[in-house]
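Notes for the one structure printed next.
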There are 2 protein chains.
Amino acid sequence: MSDKTNTEKAYRLLREDIVSGRLAPDLKLKIEMLRQRYSLGASPIREALARLSGEHLVTLEGQRGCQVAPMSINDAHDIGRMRKMIEAEALRLAIPAGNQSWEDTVITSFHRLERVERRSDQGVDDLAEWEILNGRFHQALVSACGSPWLLRIRSLLFDQHERYRRLSRMRTVLTRDINEEHRRLMEAALDRDAEEAVKIIEVHVERTTDAVVDALQQNSDMAVSLVAS
Amino acid sequence: MSDKTNTEKAYRLLREDIVSGRLAPDLKLKIEMLRQRYSLGASPIREALARLSGEHLVTLEGQRGCQVAPMSINDAHDIGRMRKMIEAEALRLAIPAGNQSWEDTVITSFHRLERVERRSDQGVDDLAEWEILNGRFHQALVSACGSPWLLRIRSLLFDQHERYRRLSRMRTVLTRDINEEHRRLMEAALDRDAEEAVKIIEVHVERTTDAVVDALQQNSDMAVSLVAS
DNA sequence: GCCTATTAAAATATCGATATTTTTAACTGT
DNA sequence: ACAGTTAAAAATATCGATATTTTAATAGGC
């Protein structure tokens, strides 16, 4: 791997396990357990956890260790609303400012994403790949916005949203033509029609949020019915 | 102090020293130096640095330690613009939503701030106090917005802006009637006039950014002339 | 039975020592 | 003088051991 240090390795592995849901929300993250899971020492793991707490992927309480950051329907709505606002603003700035190499990156990342989205037999491995390519496409669209802080905040919200997105993705793939949404987004961007692109991204994010909330609601209904039975 | 652990203490002290400028931008943060500065062990300091890197107050490169995050005129503009946008949105949500206890907090924090701002003989200690009370007042105004993520992002940008603000504050106090700006902000909020409050906060943030950029420009001119001489 | 106090176990936080890597300094031959 | 090489010093990263705190278990009193 390309990790210079064990701290970076721990950071990368932990992050991936949290965002993907392999480490469930609210799970107590005991050092000893993580030490064994990743075959790393305690120090690198502690530092990785400290870093992740700065990104709000883990909560950290003095003398009481840490947990995977909680997830909730309210939080899903909140993140969705914020992401919608920030993505829209970034597009408004990026689309008029994009140059030739921006166009190239948008087109390339779209086509790489499309290849996976159009594939008929999507296995579990493809989903991990889809997340990466989807992230790159959205990143490419806003990359020309000229504001490092806007990009940073966008990236933060995108990653948080991804955690929720993964919950509902299996169903989403069946009921939504995401590739079509992405195509229209790319076309509006290349036509330099910022307001059209903003409308599309807003609906895009809203739909994702709705799907996530549906999935969460179903889960919590399940939990309730299990407790009741 | 109320630090449960040494890591928290290191985090608090380091953060304060970076935001206040006592640790200059780009300064190499060597563990041994910090160990002596704060009389703490290496582990708590390393963890505090990892956390601060998550907040973009220090940069962190594998095997090569860390530095205080750089400052630049471009960055000042960027943060100012983002902060303006986020504060405005937060006020738009908070003002219609605020209840009685929100009003109380706004009024109380305003008066505590005013007491310091109206004091004729402002010493160095007062400036540290002013920063705290100013932060609490702005925090109080938006606290009712109902969006934890909006508040989090606002707080991040506010703190980053504070780093820059401190550069220009000495002069700002002389040329701007900040207390008057704060008073008008509070009155618009209590009148539930969100759009008026947004206008005021936008100008408020813009003026701060302009003052900061002026100060930075002057500094970099100085640096150039020193090199030239 | 239930609450509280005491103790045992587990987990976190932190130190000191060591291994690794980077940076600095000295050296060599051209 | 200078580029390239090597050795020494400094700094970072990491481990293992220990101290401290929290959590769990247990026993005693009401």
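Among the residues of region B:23-36, are any within 21 Å of B:Arg166 (Cβ to Cβ), assigned to a loop (DSSP other than H, G, I, E, B), in contact with a helix residue (DSSP H, G or I) (Cβ under 7 Å, 6 or more places away or on another chain) and away from DNA strand C (no atom under 12 Å from the Cβ)?
Yes - at least one qualifying residue is present in region B:23-36.
When region B:59-77 is examined, which residues are found to be away from DNA strand C (no atom under 16 Å from the Cβ) and either touching a Leu at 6+ places or on another chain (Cβ under 7 Å) or under 22 Å from B:Glu16 (Cα atoms) (or both)?
At the first step, the residues of region B:59-77 found to be away from DNA strand C (no atom under 16 Å from the Cβ) are B:68-77.
Residues satisfying the conditions are B:Val68, B:Ala69, B:Pro70, B:Met71, B:Ser72, B:Ile73, B:Asp75, B:Ala76.
Return the residues of region B:135-157 that are open to solvent by 40 Å² or more (accessible area, probe 1.4 Å) and either away from every other protein chain (no Cβ under 11 Å) or in contact with a Ser or Thr (Cβ under 6 Å, 6 or more places away or on another chain) (or both); say none if nothing qualifies.
B:Arg136, B:Gln139, B:Ser143, B:Ser155
Report yes if some residue within region B:21-39 is of a type in the set (Val, Ile, Thr), within 11 Å of chain A (Cβ to nearest Cβ) and either under 15 Å from the mean Cα position of the chain (by Cα) or on the phi < 0 side of the Ramachandran plot (or both); otherwise report no. Lay out the reasoning, then the answer.
So the first thing to find is which residues in region B:21-39 are of a type in the set (Val, Ile, Thr), and the list is B:31.
Cutting the leftovers down to within 11 Å of chain A (Cβ to nearest Cβ) gives us none.
Taking every residue of region B:21-39 in turn, none turns out to be of a type in the set (Val, Ile, Thr), within 11 Å of chain A (Cβ to nearest Cβ) and either under 15 Å from the mean Cα position of the chain (by Cα) or on the phi < 0 side of the Ramachandran plot (or both).
So, of the residues in region A:4-19 that are open to solvent by 30 Å² or more (accessible area, probe 1.4 Å) and assigned to a helix (DSSP H, G or I), which turns out to be farthest from DNA strand C (Cβ to nearest atom)?
A:Glu16
Could you please give the count of residues in region A:40-81 that are touching a residue at least 24 places away in the same chain (Cβ under 8 Å), within 20 Å of A:Leu13 (Cβ to Cβ), more than 16 Å from DNA strand D (Cβ to nearest atom) and at the interface with chain B (Cβ under 8 Å from one of its Cβ atoms)?
Count: 2.
Quick one: B:Arg37 ticks every box in (1) open to solvent by less than 20 Å² (accessible area, probe 1.4 Å); (2) not assigned by TED's automatic domain parsing to the domain that holds B:Ile200 bar one, so which box is it?
(1)
Name the residues in region B:40-58 that are open to solvent by 40 Å² or more (accessible area, probe 1.4 Å) and either more than 13 Å from DNA strand C (Cβ to nearest atom) or touching a Pro at 6+ places or on another chain (Cβ under 6 Å) (or both), would you?
B:His56
Would you pick out the residues in region A:98-134 that are open to solvent by 60 Å² or more (accessible area, probe 1.4 Å) and of a type in the set (Asp, Glu)?
A:Asp104, A:Asp121, A:Asp125, A:Glu129
Does A:Arg83 qualify as being in the same structural domain as A:Cys145 (by TED's automatic domain parsing) and surrounded by fewer than 17 Cβ atoms within 10 Å (Cβ to Cβ)?
On the way: in the same structural domain as A:Cys145 (by TED's automatic domain parsing): yes; surrounded by fewer than 17 Cβ atoms within 10 Å (Cβ to Cβ): no.
Considered against the rule, which asks whether it is in the same structural domain as A:Cys145 (by TED's automatic domain parsing) and surrounded by fewer than 17 Cβ atoms within 10 Å (Cβ to Cβ), A:Arg83 comes out as no.
Give B:Arg15, B:Arg92 a once-over and let me know the one that is under 19 Å from A:Leu60 (Cα atoms), more than 16 Å from DNA strand D (Cβ to nearest atom) and in contact (Cβ under 8 Å) with a residue 40 or more places away in the chain. Quick ask: steps written out before the conclusion?
Values: B:Arg92 fails: under 19 Å from A:Leu60 (Cα atoms).
Exactly one residue qualifies, and that residue is B:Arg15.
The values are calculated or read from the model by the stated rules, or taken from the named source; none is laboratory data. The structure displayed is predicted, hence computed values, not measured ones. No Cβ is skipped: glycine too gets one built from the backbone with ideal geometry, and neighbour counts run over all protein chains shown. These area figures cover heavy atoms from the full protein model, side chains too; ligands, DNA and RNA do not enter into them. Shrake-Rupley method; radii C 1.70, N 1.55, O 1.52, S 1.80 Å.
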